[in-house]
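Inspection log for the structure reproduced underneath, given as structure tokens.
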Amino acid sequence: MKITRNVLLNPGPATTTDSVKLAQAVPDICPREQEFGDLMEFCATEITKFVGNTNDYATVLFGGSGTATVEAILNSVIPDSGKVLIIDNGAYGKRMCQITSVYKIPTVIYESSSIEPINLNALEDLINSTEGLTHLAMIHHETTTGLLNDVTSVGAICKKHNISFIVDSMSGFAAIPVDMKSMNIDYLAASSNKNIQGMAGIGFAICNKAALESTASIPMRSLYLNLYAQYAYFEKTHQTRFTPPVQTFYALKQAIVETHEETIEGRYARYTKSWETLLDGLDTLGLEYLIDKEHHSRIITSIIEPNTETYDFNEMHDYFFEKGFTIYPGKVNNYDTFRISNIGQIDYKDIKDFLKVLKAYLVKINYIQ
Ligand SMILES: Cc1ncc(COP(=O)(O)O)c(C=O)c1O
């Protein structure tokens, strides 16, 4: 079967291989069958192994998008007597704050620049002056801008202050290497449709087992999105408590196999080459980007929009879409940007092709000759 290849330059769901797409075409199966339990067990174990050892860490799977998993972690692990500090330096940090506000979880917000690195001294001052702090939550790679946050340093601060550390690595996991133990991360959230290059529909929380088991007595705030309940049920049964996205799991298995083949380091090297190609092209076309190379994730680039009346994002989007490239609007307050992500099964040659189309668009609107 020939499947049209679209080059998705949005930050997930990403372009996938045909083998991942086709892995979903399987005989119908009841997800309560052992064969399917084995498949989920394979996915959970292999996901854990990308970031930690399976004696100390376990992956809890949810049917749902990435936000469901972030919500599951935040509503499940912080007791009423606890308090979480959330670092907000973009839309996804803000989303964490929204979640704890909905669940009325005591929260302190550390607002940080959306384009500059986190000031670690100021963060530690806030930790020192906050009574009763038990958790700290942050984003690994702020997809809003492309800013890569210094999770290693914040993890060391958490260790020093004996604070449990929660990281949303939705757009970092499976490309930017993570070692939960040395980074002192207790809970890491990610999903099936970004750098792991599977289909949308599964979120996962990789958890320090000892930390997770200590949450067993916290009263449930959500029935569906309870981390410990799903963990305990899966340990016993190899099943999710509620109907899982069956075919998406078959695709995830294939995506995991392909991630092993390429290796995380190899994948990040491929993404990096695409990103470097993009930045070279932007320089040639006279377009600027928001985040310094030094603090850049190499995964998504926020590009300053051309400053001319003839430019229109929607028109540019449609121009690219017709030619097989999907681009993404900006999301940063105070800056007019659009975003290009270089994740998924694409490489620098696709970025070169994209740059040709970008050049043609800029000529068409008389931004360049
Ligand atoms: C860092 C981060 N967190 C959370 C999310 C939310 O994921 P979803 O849209 O799958 O709910 C995203 C999505 O792009 C993200 O980049």
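The values are calculated or read from the model by the stated rules, or taken from the named source; none is laboratory data. Keep in mind that what you see is a predicted model, and the values were worked out from it rather than measured. Every residue, glycine as well, gets a Cβ built from its backbone with ideal geometry; the counts of neighbours run over all protein chains shown. For the accessible areas, the whole protein counts, side chains as well, though only heavy atoms, and no ligand, DNA or RNA atoms are used. Shrake-Rupley method; radii C 1.70, N 1.55, O 1.52, S 1.80 Å.
Is there a residue in the range 165-172 that is among the aromatic types (F, W, Y) and touching a helix residue (DSSP H, G or I) at 6+ places or on another chain (Cβ under 7 Å)?
Yes, that holds for at least one residue.
Here's the yes/no breakdown for (1) within 15 Å of the ligand (Cβ to nearest atom); (2) buried (at least 16 other Cβ atoms within 10 Å of the Cβ); (3) farther than 17 Å from Y187 by Cα; (4) modelled with pLDDT of 95 or more:
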{"residue": "A58", "(1), (2), (3), (4)": "no, yes, no, yes"}
{"residue": "G90", "(1), (2), (3), (4)": "yes, yes, yes, yes"}
{"residue": "Y110", "(1), (2), (3), (4)": "no, yes, yes, yes"}
{"residue": "I127", "(1), (2), (3), (4)": "no, yes, yes, yes"}
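Scanning the range 155-176 for residues that are under 11 Å from the mean Cα position of the chain (by Cα) and in a strand (DSSP E or B), which turns out nearest to the ligand (Cβ to nearest atom)?
Top of the filtered list is D168.
Can you name the strands (runs of 3 or more DSSP E) wholly within the range 22-120 that have at least 2 residues being in contact with a His (Cβ under 9 Å, 6 or more places away or on another chain) and touching a residue at least 12 places away in the same chain (Cβ under 8 Å)?
Of the strands (runs of 3 or more DSSP E) lying wholly inside the range 22-120, those with at least 2 residues that are in contact with a His (Cβ under 9 Å, 6 or more places away or on another chain) and touching a residue at least 12 places away in the same chain (Cβ under 8 Å) span 84-88.
Here is a check on your reading of the model: is E35 acidic (D, E) and surrounded by fewer than 15 Cβ atoms within 10 Å (Cβ to Cβ)?
The answer is yes for E35.
Report, ordered by the first and then the second residue, all pairs with beta carbons closer than 9 Å, sequence separation of six or more or different chains, a first member in the range 297-308 that is among the acidic types (D, E), and a second member that is open to solvent by 40 Å² or more (accessible area, probe 1.4 Å) and assigned to a loop (DSSP other than H, G, I, E, B).
Qualifying pairs under 9 Å: E305/Y335; E305/D336.
Can you name the residue in the range 177-200 that is of a type in the set (A, V, I, L, M, F, W, C), under 24 Å from S19 (Cβ atoms) and touching a strand residue (DSSP E or B) at 6+ places or on another chain (Cβ under 9 Å) and is also farthest from the ligand (Cβ to nearest atom) among such residues?
Ranking the qualifying residues of the range 177-200, first place goes to I196.
Can you tell which of T69, T45 is in the same structural domain as T248 (by TED's automatic domain parsing), closer than 21 Å to S171 by Cα, of a type outside the set (D, E) and buried (at least 19 other Cβ atoms within 10 Å of the Cβ)?
The conditions single out T69.
Given the criteria farther than 26 Å from H295 by Cα and surrounded by fewer than 18 Cβ atoms within 10 Å (Cβ to Cβ), does S217 qualify?
Yes, satisfied.
Considering R32, R95, which residue is within 16 Å of the ligand (Cβ to nearest atom), basic (K, R) and within 27 Å of L212 (Cβ to Cβ)?
After applying the criteria, what remains is R95.
Can you tell me how many residues within the range 131-151 are outside any strand (DSSP E or B) and either within 16 Å of the ligand (Cβ to nearest atom) or surrounded by fewer than 14 Cβ atoms within 10 Å (Cβ to Cβ) (or both)?
10
A quick yes/no check of all residues on (1) in a helix (DSSP H, G or I); (2) within 27 Å of A269 (Cα to Cα); (3) open to solvent by 20 Å² or more (accessible area, probe 1.4 Å):
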position: N334; (1), (2), (3): no, no, yes
position: G344; (1), (2), (3): no, yes, no
position: K349; (1), (2), (3): yes, yes, yes
position: K356; (1), (2), (3): yes, yes, yes
position: Y367; (1), (2), (3): no, no, yes
